[in-house]
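Encoded as structure tokens, the structure appears first; notes follow it.
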Amino acid sequence: MIDVRPSRQMRDLGVVQHGAGILTEPARAFDPPAERDEAERITDELFAAMERIGQVHPFAKGMGIAAPQISIGRAAAVVQPPGDAPAIILLNPRITARSDKADEHYEGCLSFFDVRGLVPRPLKITVETTGLAGETVTTVYERGLARLIHHEVDHLDGLLYTARMRTGVTPIPVEEYRQTGQAWAYDGTARLEA
């Protein structure tokens with residue numbers, strides 16, 4: 001049996017890999033409702049990519065994917081919380097508030113899946129997104145879900161998680177990460193604000 005590196009497996013599934021310029025460029029926002037069809041098409045492509053990836057790699061802690069990771073420079077991402085929680089669609093997401101309290105946990109990224117990095121993130125964020133009809137939706141996310149959402153919003157801003165790591169901290173090989181015993185768990189905390 002041939003051992004295929006995780007990053008190569010992701011590339012073979014259509015995920016853009018580290019070093020590609022699109023991963024460090026801010027994504028272009030949508031103008032709904034005028035671009036509703038385009039937003040729906042790209043969202044469908046993100047769900048299809050998640051389906052392909054989920055068939056070969058289990059994500060017990062949830063997962064997300066941003067449009068730049070499938071070579072589309074638009075401000076769309078999809079986050080699938082763990083368990084049976086519904087997927088979260090992020091169009092034109094913008095973090096408008098973050099808690100002073102933070103924690104630091106290992107994160108992975110589909111665009112360089114061979115390593116994991118210790119990343120500090122706020123425990124609570126408020127995110128504004130745009131609905132398909134052009135309305136603004138504000139949602140508060142906490143703990144593990146805040147981490148997942150923040151990671152994807154960073155992708156749309158052209159930032160990789162390595163930009164959030166403390167000075168002097170570097171990613172570790174996935175094999176070493178598996179030996180740390182450290183993991184964070186999604187606790188189902190999200191609150192929608194009208």
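Annotations
- Inclusion of ILE88 among residues that are farther than 14 Å from LEU145 by Cα and either modelled with pLDDT under 95 or β-branched (Val, Ile, Thr) (or both) is not warranted.
- Output for the range 26-43, where each listed residue is more than 15 Å from the chain's Cα centre (by Cα) and either small (Gly, Ala, Ser) or open to solvent by 100 Å² or more (accessible area, probe 1.4 Å) (or both): ARG28, ALA29, ALA34, ASP37, ALA39, ARG41
- Listed by position, the strands (runs of 3 or more DSSP E) enclosed by the range 117-194 that each have at least 1 residues that are at pLDDT 95 or above are 124-130, 136-142.
- Filtered by the rule that a residue be under 23 Å from ILE88 (Cα atoms) and crowded, with 21+ Cβ neighbours inside 10 Å, the range 155-176 gives HIS155, LEU156, TYR161.
- Residue count for the range 95-110, restricted to those that are more than 13 Å from ASP154 (Cα to Cα) and outside any strand (DSSP E or B): 5
The values are calculated or read from the model by the stated rules, or taken from the named source; none is laboratory data. Computed from a predicted model, the values in this text were never measured in an experiment. Counting neighbours? That spans all protein chains shown, and the Cβs are built from the backbone with ideal geometry, glycine included. Heavy atoms of the whole protein, side chains included, go into the accessibility calculation; ligands, DNA and RNA do not. Shrake-Rupley method; radii C 1.70, N 1.55, O 1.52, S 1.80 Å.
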